[in-house]
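One structure is given here, and the rest of the page talks about it.
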Amino acid sequence: MVTTESSITLYQRPDCPFCWKVRLVAFETKLTIREIVVQLDKKHPDVVSLNPNATVPVLVDGDLVIIESAQIIEYLLDQCPEIQLMPSSPKARAKVRQLHHYSDSKLGKVLFPYIKQKRDSPTHEASAEVKESTRLAWFDEQLILSEQLGQSEFFAGHFSVAECALIPRFCLAITHGLAIDESFQNLHDWYARCAARSSFLKALPEQFPGLA
């Protein structure tokens, strides 16, 4: 729950996938969090003073400052042990952590060049070379994820941090013209299940109304 009255403050940018996944977790936990929105092209003075990298998300709770999104998520989940966004078994937890890291690193790197071009020049097409290379790489990553998902409803058997990390990447890809390939029906069904959750709608950036 995002509010203006809370001991926890989150500096974030709505369309940043690292911030987006934190918002998803926050809405799943229903924690009361004070949200401060940071603009892409402006350095917020608080963020500059709190984070040497001057990037978001940044979470502040009293004298505690956390500047890494994965650690922010762990901290939020520690506040709500009854919310099962991490599986109970060690192997399943390891799988979720691997998917989380994969989303932040491999999947993010595959999509970023094309999405950045589209974001920075919304009235112009991305270069044909970048568009085609991203399309092919995006297909390959969907194949990997489809095989991992199999016939399960969610990657850990239930909605988890894996979904919170992956959904923003899928939303950004879809928004910028990289749809889920029709070959991967299980990913289409998985996305629909995620999109039906109230946390999905609450965390969705206002500039992406077509995803609701």
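Among the residues of the range 41-64, which ones are surrounded by fewer than 13 Cβ atoms within 10 Å (Cβ to Cβ) and in contact (Cβ under 8 Å) with a residue 24 or more places away in the chain? Answer for the range 41-64, where residues must be surrounded by fewer than 13 Cβ atoms within 10 Å (Cβ to Cβ) and in contact (Cβ under 8 Å) with a residue 24 or more places away in the chain: just Gly62. For the range 114-132, the criterion of being modelled with pLDDT under 95, aromatic (Phe, Trp, Tyr) and touching a Ser or Thr at 6+ places or on another chain (Cβ under 9 Å) is met by at least one residue. Of Leu187, Leu172, all but one fail to be buried (at least 18 other Cβ atoms within 10 Å of the Cβ), touching a helix residue (DSSP H, G or I) at 6+ places or on another chain (Cβ under 6 Å), in the same structural domain as Pro113 (by TED's automatic domain parsing) and in contact (Cβ under 8 Å) with a residue 60 or more places away in the chain; the exception is Leu172. Among residues of the range 14-36 that are in the same structural domain as Ala70 (by TED's automatic domain parsing) and without any contact (Cβ under 8 Å) to a residue 24 or more places away in the chain, none has a Cβ under 6 angstrom from a residue that is assigned to a helix (DSSP H, G or I) and aromatic (Phe, Trp, Tyr) at a sequence gap of 6+ or on a separate chain. Return yes when Lys95 is closer than 25 Å to His158 by Cα, crowded, with 19+ Cβ neighbours inside 10 Å and touching a residue at least 12 places away in the same chain (Cβ under 8 Å) and no when it is not. Criteria not met by Lys95.
One residue stands out among those in the range 65-79 that are touching a helix residue (DSSP H, G or I) at 6+ places or on another chain (Cβ under 8 Å) and loosely packed, with under 15 Cβ neighbours inside 10 Å: the one that is modelled with the highest pLDDT, which is Val65.
The values are calculated or read from the model by the stated rules, or taken from the named source; none is laboratory data. Remember, predicted model here, so these are calculated numbers, not experimental data. Heads up, the Cβs are rebuilt from the backbone with ideal geometry, glycines too, and the neighbour counts pull from every protein chain shown.
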